[in-house]
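Report on the following structure.
The values are calculated or read from the model by the stated rules, or taken from the named source; none is laboratory data. Everything numeric in this text was worked out from a predicted model, so none of it was measured. Don't worry about glycine lacking a Cβ; one is built from the backbone with ideal geometry, like all the others, and counts go over all protein chains shown. Areas reflect the complete protein model, heavy atoms only, side chains present, ligands, DNA and RNA absent. Shrake-Rupley method; radii C 1.70, N 1.55, O 1.52, S 1.80 Å.
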Amino acid sequence: MMALTHGFMALAAAVFLLPVVGEYAGPAVLAAAFLGGLAPDADLVARHRKTLHFPVWFSVATLALSGLFLLTGLSALLILTVAVGAAALHSLSDVLGGSAEREPWNPVTENGVYNHVLGRWHRPRRYVRYSGAPEDFVVCLAFAAVAIGSGLTAPAVDRALIALVAFAGVYALCRKRLATIGAVAGSLVPTRLRAVLPAVSVEETETDGTTVDIRFGR
Ligand SMILES: [Zn+2]
């Protein structure tokens with residue numbers, strides 16, 4: 001699933017949580033949910049769905065932090081709990097998506113999400129076949145509608161969220177052609193400039209899913 005789908009999923013969950021914890025830093029809780037929901041996909045530049053996806057540890061940490069928050073009532077702890085909880089939700093729900101590989105619409109691996117406790121990959125359930133699939137965008141749109149429709153976000157934030165939904169839509173439209181678009185864009189960059197731009201290579205491995213390698217200064 002797209003990072004944005006996870007961000008909106010966490011945000012939609014947070015708007016239900018907010019009335020319960022309303023007296024504590026509302027906008028900060030919502031921001032923590034959204035950013036925590038996006039965060040695990042930062043491992044796209046490492047071992048995707050392994051380096052920063054921790055379905056078990058994020059869940060355990062969320063429970064521990066919730067307990068600490070209930071004991072202390074510190075709003076900073078609540079914000080941290082929500083952020084880690086959103087990352088846990090992301091890591092767990094990625095199992096419902098496709099495999100972590102270059103062309104998940106033509107799957108050759110069964111790598112859904114890595115479980116560091118069991119030391120193996122969870123099989124992808126493929127309810128959402130790949131990140132940027134039409135059904136991924138529909139899920140993204142539905143969660144965004146719940147979040148924006150809650151009326152708990154400021155109008156300026158709503159405009160930013162709508163812009164992100166539009167971006168997700170364009171991404172979904174281009175998803176299968178991203179490699180071609182990247183190659184064409186790359187060939188349009190002048191040779192002299194190319195020397196200072198980072199080199200990005202995507203590698204598929206049988207056991208670790210997709211590795212994206214970025215090198216600076218060729
Ligand atoms: Zn992910």
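Quick rundown of the values:
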read-out	value
Around His6: net Lys/Arg minus Asp/Glu count, Cβ-Cβ under 13 Å	-3
The chain - percent of accessible surface contributed by carbon and sulfur, probe 1.4 Å	70 percent
Area projected by the alpha carbon convex hull of region 136-196, averaged over all directions, nm²	6.0 nm²
Cα Rg over Rh - region 6-128, Kirkwood	1.03
Globularity index of region 34-88, i.e. its alpha-carbon radius of gyration over 2.2 N^0.38 Å	1.20
Selection from Ala39, Val170, Leu152, by position along the positive dipole direction of the chain (Cβ)	Val170
Amide proton proximity set for His122, modelled H, under 5 Å, gap of 5+	Gly112, Val113, Tyr114, Asn115
Surrounding net charge for Asp94, when Lys and Arg each add one and Asp and Glu each subtract one, Cβ distance under 14 Å	+2
Value at 222 nm in deg cm²/dmol, rounded to 500, when DSSP H runs of n ≥ 4 in the chain each add -39,500 (n - 2.57)	-18000 deg cm²/dmol
The chain: mean projected area of Cα convex hull, nm²	13.4 nm²
Backbone N within region 24-57 under 18 Å of label point (7 Å from Leu118 Cα along the Cβ vector)	49-57
Extension gain (nm, one decimal) between Glu103 and Val60, 0.36 nm per residue minus Cα-Cα	12.3 nm
Point-charge dipole on Cβ atoms (K/R +1, D/E -1) for region 9-145, about Cα centre, debye to 20	340 debye
